[in-house]
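Data first, discussion second: the structure below is written as C-alpha coordinates.
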Amino acid sequence: MTTKFFSLCKFRHHKYFKKGFEELSFKMSFKSLVIFLYLSSNIYECNAQYADSIRLNDIRILASHNSYKKKPDPKVLRFLSRFKKRLGEDLDPIQLDYGHEKLIVQLDSFNIRGFEFDLAYDPIGGAYAKRRINFFIPGLKQKSKEPKLYRPGIKLLHIADIDYETNYFTFIDALAELKQWSVEHPNHVPIFVNLEIKRASPGDYSKFLNRIGFQNAPVTDTNIFKVIENEVLSVFSEDSMIFKPKDLKDQYTAIQNRLENEGWPSLNDCLGKIIFIIDGDIDGYYAKLLNNNEDCLMFIYSEPNDESSAFVIRNEPKGNEEEIKNLSENYIVRTRTDAGTIEARNLDYSKCDAAIESQAQIVSTDYYQPDLSIGTFSVSFKVKSISEKLIFTLRTK
(Lines give C-alpha, C1' and ligand atoms only; values in the text may rest on other atoms or scores of the structure.)
Protein backbone atom coordinates (compact mmCIF):
# COMPACT_ATOMS: atom_id res chain seq x y z
CA MET A 1 0.00 0.00 0.00
CA THR A 2 1.49 3.33 -1.03
CA THR A 3 1.40 6.17 1.46
CA LYS A 4 2.47 9.36 -0.32
CA PHE A 5 0.45 11.76 -2.42
CA PHE A 6 -0.13 13.81 -5.52
CA SER A 7 -1.88 17.18 -5.41
CA LEU A 8 -3.34 19.07 -8.35
CA CYS A 9 -2.17 22.51 -7.33
CA LYS A 10 1.35 21.31 -6.53
CA PHE A 11 2.00 20.26 -10.13
CA ARG A 12 -0.11 22.66 -12.15
CA HIS A 13 3.11 24.37 -13.34
CA HIS A 14 4.38 21.17 -14.97
CA LYS A 15 4.90 21.94 -18.66
CA TYR A 16 2.63 19.05 -19.66
CA PHE A 17 -0.19 20.11 -17.36
CA LYS A 18 -1.44 22.78 -19.73
CA LYS A 19 -1.95 20.21 -22.48
CA GLY A 20 -4.38 18.33 -20.28
CA PHE A 21 -3.99 15.42 -17.94
CA GLU A 22 -5.71 13.15 -20.44
CA GLU A 23 -2.82 13.61 -22.88
CA LEU A 24 -0.10 13.48 -20.26
CA SER A 25 1.07 9.89 -20.63
CA PHE A 26 1.17 10.19 -24.43
CA LYS A 27 2.97 13.53 -24.67
CA MET A 28 5.80 12.90 -22.23
CA SER A 29 9.30 11.92 -23.12
CA PHE A 30 10.44 8.69 -21.47
CA LYS A 31 12.51 10.64 -18.94
CA SER A 32 9.60 12.93 -18.04
CA LEU A 33 7.29 9.94 -17.74
CA VAL A 34 9.65 8.32 -15.23
CA ILE A 35 9.70 11.56 -13.20
CA PHE A 36 5.91 11.81 -13.34
CA LEU A 37 5.43 8.21 -12.20
CA TYR A 38 7.84 8.80 -9.34
CA LEU A 39 5.84 11.80 -8.18
CA SER A 40 2.64 9.84 -8.67
CA SER A 41 3.87 7.15 -6.31
CA ASN A 42 2.89 9.65 -3.63
CA ILE A 43 -0.72 8.61 -4.18
CA TYR A 44 -2.81 6.81 -1.61
CA GLU A 45 -5.85 4.95 -2.92
CA CYS A 46 -8.41 4.61 -0.17
CA ASN A 47 -9.92 1.38 1.11
CA ALA A 48 -12.59 0.70 3.72
CA GLN A 49 -9.94 -0.07 6.35
CA TYR A 50 -6.48 1.40 6.73
CA ALA A 51 -3.16 0.47 8.24
CA ASP A 52 -3.32 0.74 12.03
CA SER A 53 -0.18 2.87 11.86
CA ILE A 54 -2.19 5.69 10.24
CA ARG A 55 -3.32 8.08 12.95
CA LEU A 56 -6.04 10.68 12.74
CA ASN A 57 -3.58 13.57 12.46
CA ASP A 58 -1.76 11.79 9.62
CA ILE A 59 -4.56 12.35 7.11
CA ARG A 60 -5.13 15.52 5.11
CA ILE A 61 -8.56 16.34 3.75
CA LEU A 62 -10.02 18.97 1.45
CA ALA A 63 -12.62 21.18 3.13
CA SER A 64 -14.98 23.86 1.89
CA HIS A 65 -15.13 27.35 3.38
CA ASN A 66 -18.56 28.69 4.42
CA SER A 67 -19.92 25.43 3.09
CA TYR A 68 -23.63 26.33 3.31
CA LYS A 69 -23.35 29.57 1.33
CA LYS A 70 -25.00 30.43 -1.99
CA LYS A 71 -23.96 33.29 -4.23
CA PRO A 72 -25.69 36.60 -3.47
CA ASP A 73 -28.34 37.84 -5.86
CA PRO A 74 -26.61 39.70 -8.74
CA LYS A 75 -28.74 42.75 -7.94
CA VAL A 76 -27.28 42.84 -4.43
CA LEU A 77 -23.74 42.65 -5.78
CA ARG A 78 -24.40 45.43 -8.28
CA PHE A 79 -25.86 47.61 -5.54
CA LEU A 80 -22.89 47.02 -3.23
CA SER A 81 -20.44 47.78 -6.02
CA ARG A 82 -21.76 51.34 -6.17
CA PHE A 83 -20.53 51.92 -2.61
CA LYS A 84 -17.51 49.64 -2.65
CA LYS A 85 -14.99 52.22 -1.48
CA ARG A 86 -17.08 53.10 1.57
CA LEU A 87 -18.02 49.59 2.66
CA GLY A 88 -14.67 48.09 3.56
CA GLU A 89 -13.23 44.66 2.86
CA ASP A 90 -15.91 42.66 4.70
CA LEU A 91 -18.66 43.97 2.41
CA ASP A 92 -16.63 44.11 -0.80
CA PRO A 93 -19.01 42.58 -3.37
CA ILE A 94 -16.12 40.92 -5.20
CA GLN A 95 -15.18 39.04 -2.03
CA LEU A 96 -18.78 37.95 -1.41
CA ASP A 97 -19.27 36.53 -4.89
CA TYR A 98 -18.87 32.82 -4.23
CA GLY A 99 -21.14 29.94 -3.32
CA HIS A 100 -21.31 26.19 -2.84
CA GLU A 101 -23.13 23.05 -3.83
CA LYS A 102 -25.27 21.31 -1.23
CA LEU A 103 -23.34 19.25 1.30
CA ILE A 104 -24.27 15.91 -0.18
CA VAL A 105 -22.96 17.00 -3.60
CA GLN A 106 -19.72 18.22 -2.05
CA LEU A 107 -19.32 14.87 -0.30
CA ASP A 108 -20.18 12.64 -3.25
CA SER A 109 -18.87 14.57 -6.24
CA PHE A 110 -15.86 16.40 -4.82
CA ASN A 111 -14.83 14.27 -1.82
CA ILE A 112 -15.05 17.19 0.55
CA ARG A 113 -14.53 15.92 4.10
CA GLY A 114 -14.52 19.19 6.00
CA PHE A 115 -17.21 21.85 6.32
CA GLU A 116 -17.62 25.27 7.86
CA PHE A 117 -20.88 26.67 9.20
CA ASP A 118 -21.45 30.25 10.35
CA LEU A 119 -23.81 30.08 13.32
CA ALA A 120 -26.17 33.02 13.85
CA TYR A 121 -27.88 32.93 17.24
CA ASP A 122 -31.63 33.51 17.10
CA PRO A 123 -33.15 32.66 20.50
CA ILE A 124 -36.57 34.19 19.81
CA GLY A 125 -36.91 33.71 16.06
CA GLY A 126 -37.24 36.21 13.24
CA ALA A 127 -33.90 37.97 13.79
CA TYR A 128 -32.75 37.08 10.27
CA ALA A 129 -36.03 36.98 8.38
CA LYS A 130 -35.69 40.56 7.15
CA ARG A 131 -33.03 41.47 4.58
CA ARG A 132 -32.64 45.22 4.93
CA ILE A 133 -30.48 45.74 1.84
CA ASN A 134 -33.41 44.68 -0.35
CA PHE A 135 -35.33 47.81 0.71
CA PHE A 136 -32.95 49.78 -1.53
CA ILE A 137 -33.07 47.39 -4.49
CA PRO A 138 -36.14 47.32 -6.77
CA GLY A 139 -37.49 43.83 -7.35
CA LEU A 140 -36.17 42.24 -4.15
CA LYS A 141 -38.30 41.66 -1.07
CA GLN A 142 -37.16 42.55 2.41
CA LYS A 143 -39.16 39.95 4.28
CA SER A 144 -38.62 36.26 3.69
CA LYS A 145 -41.64 33.98 3.68
CA GLU A 146 -39.59 31.03 4.92
CA PRO A 147 -41.29 29.79 8.15
CA LYS A 148 -38.05 28.37 9.57
CA LEU A 149 -36.60 31.86 9.86
CA TYR A 150 -39.36 32.88 12.29
CA ARG A 151 -38.73 30.01 14.71
CA PRO A 152 -36.13 30.03 17.49
CA GLY A 153 -32.89 28.29 16.66
CA ILE A 154 -29.50 28.76 15.08
CA LYS A 155 -29.52 30.04 11.50
CA LEU A 156 -26.84 29.64 8.83
CA LEU A 157 -25.86 32.76 6.91
CA HIS A 158 -22.76 34.77 6.13
CA ILE A 159 -23.68 38.41 6.78
CA ALA A 160 -27.09 39.41 8.11
CA ASP A 161 -29.13 41.82 5.95
CA ILE A 162 -26.63 41.58 3.09
CA ASP A 163 -25.10 38.17 2.25
CA TYR A 164 -27.97 35.98 3.38
CA GLU A 165 -28.39 33.44 0.56
CA THR A 166 -27.98 29.92 1.96
CA ASN A 167 -28.58 26.31 1.07
CA TYR A 168 -29.76 25.72 4.65
CA PHE A 169 -31.82 28.21 6.60
CA THR A 170 -31.06 26.44 9.88
CA PHE A 171 -28.17 24.62 11.49
CA ILE A 172 -30.45 21.64 12.04
CA ASP A 173 -31.21 21.39 8.32
CA ALA A 174 -27.50 21.11 7.51
CA LEU A 175 -26.91 18.62 10.32
CA ALA A 176 -29.77 16.43 9.09
CA GLU A 177 -28.29 16.17 5.60
CA LEU A 178 -24.85 15.46 7.03
CA LYS A 179 -26.23 12.70 9.26
CA GLN A 180 -28.17 11.13 6.41
CA TRP A 181 -25.01 10.88 4.32
CA SER A 182 -23.01 9.55 7.26
CA VAL A 183 -25.53 6.80 7.98
CA GLU A 184 -25.48 5.78 4.32
CA HIS A 185 -21.63 5.64 4.36
CA PRO A 186 -20.92 4.11 7.79
CA ASN A 187 -17.14 3.66 7.39
CA HIS A 188 -16.41 7.08 5.96
CA VAL A 189 -13.28 9.04 6.77
CA PRO A 190 -14.04 11.39 9.69
CA ILE A 191 -15.73 14.63 8.69
CA PHE A 192 -14.43 17.80 10.32
CA VAL A 193 -17.05 20.52 10.91
CA ASN A 194 -15.91 24.04 11.83
CA LEU A 195 -18.53 25.99 13.77
CA GLU A 196 -17.87 29.74 13.60
CA ILE A 197 -20.02 31.77 15.96
CA LYS A 198 -21.26 35.03 14.43
CA ARG A 199 -21.64 37.69 17.12
CA ALA A 200 -22.20 40.84 15.06
CA SER A 201 -24.21 42.13 12.11
CA PRO A 202 -23.54 45.17 9.86
CA GLY A 203 -25.80 47.22 12.15
CA ASP A 204 -23.39 46.53 15.02
CA TYR A 205 -20.23 47.81 13.38
CA SER A 206 -21.63 50.71 11.36
CA LYS A 207 -23.62 53.50 12.99
CA PHE A 208 -24.65 54.70 9.55
CA LEU A 209 -26.08 51.31 8.58
CA ASN A 210 -27.81 51.05 11.94
CA ARG A 211 -29.48 54.43 11.42
CA ILE A 212 -30.90 53.35 8.07
CA GLY A 213 -32.42 50.18 9.40
CA PHE A 214 -29.72 47.51 9.53
CA GLN A 215 -30.36 45.65 12.78
CA ASN A 216 -28.02 44.65 15.57
CA ALA A 217 -27.46 40.94 16.01
CA PRO A 218 -29.10 39.29 19.03
CA VAL A 219 -26.80 39.29 22.04
CA THR A 220 -24.69 36.16 21.77
CA ASP A 221 -23.35 34.95 25.10
CA THR A 222 -22.14 31.62 26.44
CA ASN A 223 -25.69 30.23 26.34
CA ILE A 224 -25.11 29.58 22.66
CA PHE A 225 -22.84 26.62 23.44
CA LYS A 226 -25.68 24.76 25.13
CA VAL A 227 -27.97 25.62 22.23
CA ILE A 228 -25.41 24.32 19.73
CA GLU A 229 -25.00 21.06 21.63
CA ASN A 230 -28.77 20.62 22.00
CA GLU A 231 -29.29 21.12 18.27
CA VAL A 232 -26.50 18.68 17.43
CA LEU A 233 -28.03 16.07 19.75
CA SER A 234 -31.50 16.66 18.32
CA VAL A 235 -30.12 15.28 15.04
CA PHE A 236 -27.33 12.98 16.21
CA SER A 237 -29.39 11.45 19.00
CA GLU A 238 -26.86 8.62 19.15
CA ASP A 239 -23.77 10.61 20.02
CA SER A 240 -21.67 7.56 19.19
CA MET A 241 -21.51 9.06 15.69
CA ILE A 242 -19.56 12.00 17.13
CA PHE A 243 -15.88 11.89 18.01
CA LYS A 244 -15.81 13.88 21.24
CA PRO A 245 -13.06 15.37 23.40
CA LYS A 246 -13.49 12.58 25.95
CA ASP A 247 -12.83 10.06 23.16
CA LEU A 248 -9.49 11.72 22.55
CA LYS A 249 -8.64 12.09 26.24
CA ASP A 250 -9.38 8.42 26.91
CA GLN A 251 -7.99 7.70 30.38
CA TYR A 252 -6.07 10.98 30.56
CA THR A 253 -7.24 14.07 32.46
CA ALA A 254 -6.39 16.49 29.66
CA ILE A 255 -6.16 16.40 25.88
CA GLN A 256 -2.59 17.69 26.00
CA ASN A 257 -1.55 14.79 28.24
CA ARG A 258 -3.03 12.28 25.79
CA LEU A 259 -1.28 13.84 22.80
CA GLU A 260 2.07 14.03 24.58
CA ASN A 261 1.95 10.41 25.77
CA GLU A 262 0.11 8.47 23.07
CA GLY A 263 -0.59 10.85 20.22
CA TRP A 264 -3.78 10.69 18.20
CA PRO A 265 -5.92 7.55 17.88
CA SER A 266 -5.74 5.45 14.74
CA LEU A 267 -7.80 6.42 11.72
CA ASN A 268 -9.61 3.07 11.95
CA ASP A 269 -10.89 4.00 15.43
CA CYS A 270 -12.44 7.18 14.01
CA LEU A 271 -14.17 5.91 10.87
CA GLY A 272 -17.78 6.99 10.49
CA LYS A 273 -17.35 9.86 12.95
CA ILE A 274 -18.22 13.56 12.81
CA ILE A 275 -15.86 15.95 14.58
CA PHE A 276 -17.19 19.39 15.61
CA ILE A 277 -14.74 22.22 16.32
CA ILE A 278 -15.73 25.62 17.70
CA ASP A 279 -14.08 28.64 16.08
CA GLY A 280 -14.64 31.53 18.45
CA ASP A 281 -14.78 30.61 22.13
CA ILE A 282 -16.44 33.31 24.25
CA ASP A 283 -14.24 34.54 27.11
CA GLY A 284 -12.61 31.14 27.33
CA TYR A 285 -15.89 29.58 28.49
CA TYR A 286 -15.82 26.41 26.42
CA ALA A 287 -12.13 25.84 27.08
CA LYS A 288 -12.91 25.87 30.80
CA LEU A 289 -15.58 23.22 30.28
CA LEU A 290 -13.07 21.06 28.43
CA ASN A 291 -10.41 21.58 31.09
CA ASN A 292 -12.91 20.71 33.84
CA ASN A 293 -13.61 17.36 32.18
CA GLU A 294 -17.18 18.23 31.29
CA ASP A 295 -18.74 15.87 28.74
CA CYS A 296 -18.47 18.30 25.82
CA LEU A 297 -19.52 17.45 22.27
CA MET A 298 -17.10 19.80 20.57
CA PHE A 299 -13.44 20.67 20.40
CA ILE A 300 -12.19 24.24 20.13
CA TYR A 301 -9.51 25.88 18.04
CA SER A 302 -6.87 27.13 20.43
CA GLU A 303 -3.18 27.82 20.62
CA PRO A 304 -0.54 25.10 21.00
CA ASN A 305 0.17 23.84 24.52
CA ASP A 306 -3.19 24.96 25.92
CA GLU A 307 -4.49 22.18 28.13
CA SER A 308 -7.46 21.62 25.81
CA SER A 309 -5.60 22.20 22.54
CA ALA A 310 -6.02 19.65 19.76
CA PHE A 311 -6.95 21.84 16.79
CA VAL A 312 -5.10 24.96 15.62
CA ILE A 313 -5.99 27.54 12.95
CA ARG A 314 -3.37 29.08 10.69
CA ASN A 315 -5.43 30.50 7.83
CA GLU A 316 -2.46 32.18 6.14
CA PRO A 317 -0.04 29.47 4.99
CA LYS A 318 2.30 31.72 2.98
CA GLY A 319 5.43 32.31 5.00
CA ASN A 320 4.16 29.98 7.74
CA GLU A 321 4.82 26.63 6.08
CA GLU A 322 7.46 25.49 8.56
CA GLU A 323 5.46 26.53 11.61
CA ILE A 324 2.37 24.70 10.33
CA LYS A 325 4.40 21.62 9.44
CA ASN A 326 5.84 21.51 12.96
CA LEU A 327 2.40 22.00 14.51
CA SER A 328 0.95 19.19 12.39
CA GLU A 329 3.19 16.70 14.16
CA ASN A 330 1.09 17.02 17.32
CA TYR A 331 -2.06 18.93 16.36
CA ILE A 332 -4.57 19.05 13.54
CA VAL A 333 -4.14 22.34 11.70
CA ARG A 334 -6.62 24.12 9.47
CA THR A 335 -5.44 26.44 6.70
CA ARG A 336 -6.81 27.97 3.49
CA THR A 337 -5.80 27.90 -0.18
CA ASP A 338 -7.75 31.01 -1.17
CA ALA A 339 -9.90 33.77 0.31
CA GLY A 340 -12.45 36.27 -0.90
CA THR A 341 -12.22 35.10 -4.56
CA ILE A 342 -8.91 37.01 -4.91
CA GLU A 343 -6.67 34.06 -5.77
CA ALA A 344 -9.33 32.63 -8.08
CA ARG A 345 -9.69 35.87 -10.04
CA ASN A 346 -5.92 36.22 -10.44
CA LEU A 347 -5.28 32.51 -11.07
CA ASP A 348 -2.82 32.78 -8.19
CA TYR A 349 -1.85 29.40 -6.78
CA SER A 350 0.86 30.66 -4.40
CA LYS A 351 -1.38 30.36 -1.33
CA CYS A 352 -2.55 26.94 -2.49
CA ASP A 353 1.06 25.81 -2.96
CA ALA A 354 1.92 27.05 0.53
CA ALA A 355 -1.08 25.27 2.04
CA ILE A 356 -0.07 21.99 0.40
CA GLU A 357 3.57 22.43 1.36
CA SER A 358 2.63 23.21 4.98
CA GLN A 359 1.19 19.71 5.65
CA ALA A 360 -1.87 21.22 7.36
CA GLN A 361 -4.50 18.52 7.73
CA ILE A 362 -7.64 20.56 6.98
CA VAL A 363 -7.14 22.41 3.69
CA SER A 364 -10.06 24.77 3.08
CA THR A 365 -11.13 26.25 -0.26
CA ASP A 366 -14.06 27.90 -2.01
CA TYR A 367 -12.97 26.27 -5.27
CA TYR A 368 -13.16 22.49 -5.22
CA GLN A 369 -14.62 23.21 -8.65
CA PRO A 370 -13.87 26.28 -10.77
CA ASP A 371 -16.27 29.19 -11.08
CA LEU A 372 -16.01 29.64 -14.82
CA SER A 373 -17.58 33.09 -14.61
CA ILE A 374 -14.28 34.34 -13.16
CA GLY A 375 -11.69 31.76 -14.24
CA THR A 376 -10.41 28.20 -14.01
CA PHE A 377 -8.90 28.24 -10.53
CA SER A 378 -9.62 25.02 -8.63
CA VAL A 379 -8.11 22.93 -5.87
CA SER A 380 -8.29 19.15 -5.53
CA PHE A 381 -6.38 16.02 -4.73
CA LYS A 382 -6.36 13.56 -7.63
CA VAL A 383 -5.21 9.99 -7.95
CA LYS A 384 -2.86 8.68 -10.61
CA SER A 385 -5.69 7.37 -12.77
CA ILE A 386 -6.55 11.06 -13.33
CA SER A 387 -10.29 10.45 -13.44
CA GLU A 388 -10.68 9.83 -9.70
CA LYS A 389 -10.40 12.31 -6.86
CA LEU A 390 -8.65 11.40 -3.63
CA ILE A 391 -10.63 11.13 -0.39
CA PHE A 392 -7.60 12.09 1.66
CA THR A 393 -3.81 12.26 1.53
CA LEU A 394 -1.19 11.69 4.20
CA ARG A 395 1.13 14.17 5.76
CA THR A 396 4.76 14.04 4.67
CA LYS A 397 6.65 13.46 7.90
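The values are calculated or read from the model by the stated rules, or taken from the named source; none is laboratory data. Just so it is clear, the model here is predicted, and its values are computed rather than measured. Virtual Cβ from ideal backbone geometry, glycine too; neighbours counted across all protein chains shown. For the accessible areas, the whole protein counts, side chains as well, though only heavy atoms, and no ligand, DNA or RNA atoms are used. Shrake-Rupley method; radii C 1.70, N 1.55, O 1.52, S 1.80 Å.
Taking a sphere under 9 Å around the Cβ of I191 and counting the other residues whose Cβ falls inside, with K and R at +1 and D and E at -1, yields a net charge of +2. Extension gain for N326 to R211 (0.36 nm times residue separation, less C-alpha to C-alpha distance): 36.6 nm. Calculated FRET efficiency, D348 to A200, Cβ-Cβ distance, R0 = 30 Å: about 0.50 to the nearest 0.05.
So what's the net charge close to I278: Lys and Arg +1, Asp and Glu -1, counting the other residues with Cβ under 11 Å from its Cβ? Residues near I278 contribute -4 overall. To put it simply, the accessible area of segment 96-183 at a 1.4 Å probe is 55 percent carbon and sulfur. Rolling a 1.4 angstrom probe over the protein heavy atoms with all chains in place gives the chain an accessible area of 45 Å² per residue. Applying the Karplus relation 6.51 cos²θ - 1.76 cosθ + 1.60 with θ = phi - 60° to segment 265-279 yields 3J(HN,Hα) values of x, 5, 4, 4, 6, 10, 4, x, 9, 10, 10, 9, 10, 7, 10 Hz, where x marks Gly and Pro. The convex hull defined by the C-alpha atoms of the chain has an orientation-averaged projected area of 20.3 nm².
Computed log10 I(q)/I(0) for segment 242-329 at 0.13 Å⁻¹: -0.44, from the Debye equation with unit scatterers placed on every C-alpha and solvent omitted. Gain on full extension, evaluated as 0.36 nm per residue between T222 and E260 minus their Cα-Cα distance, stands at 10.7 nm.
Subtracting the Cα-Cα distance from 0.36 nm times the residue separation, let me have the gained length for L77 to A176 in nm, one decimal. List each step's numbers first, then the result.
On the way: separation 99, 0.36 × 99 = 35.64 nm, distance 3.07 nm.
Answer, rounded to one decimal: 32.6 nm.
Using packing as a proxy for protection, rank 168-174, 246-252 so that the peptide with the highest average count of other Cβ atoms within 10 Å comes first. It would help to have the intermediate numbers written out before the result.
Working: 168-174: 21.6, 246-252: 14.7.
Descending mean neighbour count gives 168-174, 246-252.
Applied to segment 105-112, the Karplus parametrisation 6.51 cos²θ - 1.76 cosθ + 1.60 on θ = phi - 60° returns per-residue 3J(HN,Hα) values of 6, 4, 5, 7, 9, 10, 6, 5 Hz, with x for Gly and Pro.
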